[in-house]
1. What is the distance, in nm, between label points placed 7 Å from the Cα along the Cα-to-Cβ direction at residue 59 and at residue 45?
2. Just to be sure I understand the model, the point goes 7 Å from the Cα along the line to the Cβ. What's the resulting residue 170 to residue 201 distance in nm?
3. Have a look at 35, 202, 48 and tell me which one the Gaussian network model of the chain (Cα, springs below 10 Å) gives the largest fluctuation.
4. Per DSSP helix of 4 or more residues, -39500 (n - 2.57); summed, then divided by the residues of the chain. What does that give at 222 nm, rounded to the nearest 500?
5. Just 185, 168, 66 to compare: in a GNM of the chain, with alpha carbon springs under 10 Å, which one fluctuates most?
6. Report P(r) for segment 118-253: all Cα-Cα distances, bin width 10 Å, range 0 to the bin holding the largest distance, values in whole percent.
7. If you line up the long axis of helix 201-227 against the longest principal axis of the chain, both from Cα atoms, how many degrees apart are they, to the nearest 10?
8. Relative contact order for the chain using alpha-carbon pairs under 8 Å, separation at least 6, rounded to a whole percent?
């Protein structure tokens, strides 16, 4: 009986702590969005942080990520085209490959790549600032940490995910055209017609909202997790690990919700 009581107590404590973390994350996301929507929150300092975030998240990884996305897109397009031809369904190859890549895989892969590249670094940085008392010192000095430290990172992360998703989607479109039609140009009207059927206004809005949700997730969770880190140095790696697990869970949840909304 004592064992059962202790087990239930531990489980209840863990669930309560998890609920508090997610609640604080949602509250922080709401504060960040409200701050970002306030024109007075922007000055030269915030713009500098946003630009640095975009530079480290997009510009530095652009060559390698572009090559990876191009290779992945080309291989998957060839698989779809070959499989469709073997079943006599070549006319559907282009549409299927674009739905697979642009609508589903590329936004998800971009979010995961940014999470591995930048989210862990953001989480570590904020956690160390919390442990070393830097955040408290800034707040005591009258510095608005939300406006100058946190919100610019959120905005930069969202812009980065949107930009990388758009760029890799354009590459996938070009590769799909070359795989199906080759280097000829007189098939552009047919290609445009098929793409118009695939990328309708509601579909484009869905891609934008999903990428926006991914961008919000890869920045809000690392910052919120870093702020919740206890002021003990050994908790920094634990905070990063816990933040990455929560981030992976949320990214998958967004993707599953998107699939359910579109296909169920």
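Coordinate-derived values only; no laboratory data. Worth saying up front: this structure is predicted, and the values here are computed from it rather than measured. Here Cβ is always computed from backbone atoms with ideal geometry, including for glycine, and neighbour counts include all displayed protein chains.
1. Taking the simple label geometry, residue 59 and residue 45 are separated by 2.2 nm.
2. Roughly 2.4 nm, to one decimal.
3. 202
4. -26000 deg cm²/dmol
5. Answer for the Gaussian network model of the chain: 185.
6. For segment 118-253, the pair-distance distribution reads 11, 30, 24, 16, 11, 6, 1.
7. 30
8. Relative contact order here is 32 percent.
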